[in-house]
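The values are calculated or read from the model by the stated rules, or taken from the named source; none is laboratory data. Please read all numbers here as calculations on a predicted model, not as lab measurements. Ideal geometry is used to build each Cβ from the backbone, glycine not excepted, and the neighbour counts take in all protein chains shown.
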Amino acid sequence: MRKGCLFGIAGLVVVGLVVLAGFSWIMGIQRDMVRLQQGVLAQEGRYGAALETLSEKIKGIWAIEKDFLEHEKDTLTDVIRARAEALDRAGQGRSSQRPRPRVTRRRPSTLPRSSGRLHRGSRSRSTSTLCARHTRSCSPRP
């Protein structure tokens with residue numbers, strides 16, 4: 001055989017191996033891209049299901065709130081009706097002469113003005129001073 005033919009065959013084998021390696025590399029990249037795309041689609045499905053569930057839960061909460069408010073309305077109506085009946089029985093029904101409301105005057109505070117800042121929620125850490133709104137000492141919130 002001639003030397004040129006041997007180099008041609010060896011060159012052809014080398015080129016074939018390079019093409020085969022490049023094809024394998026490209027197919028590996030494509031496999032990774034498909035795997036990543038499937039992961040993204042799976043996450044989208046999970047988020048879609050979670051959002052749908054959240055929407056249903058919010059509708060359920062609104063329904064519960066409506067039921068609660070209806071119950072509160074019925075309770076308030078019953079209490080008003082019972083109070084009116086009790087007043088009618090006691091002879092204090094809807095008379096034209098209503099009792100005057102009792103007016104109470106606030107006693108002047110014996111505490112200094114600055115002690116009003118020691119009420120709950122203030123930044124002061126002192127618990128020994130009486131606050132202006134209470135007769136006992138108020139501890140600040142943590």
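Could you please find all residues in the stretch 71-107 being modelled with pLDDT under 65 and surrounded by 10 or more Cβ atoms within 10 Å (Cβ to Cβ)?
Across the stretch 71-107, the qualifying residue is only GLY93.
Being at pLDDT below 85 and aromatic (Phe, Trp, Tyr) narrows it down to one residue among PHE7, PHE68, PHE23; which is it?
So the residue among PHE7, PHE68, PHE23 that is at pLDDT below 85 and aromatic (Phe, Trp, Tyr) is PHE7.
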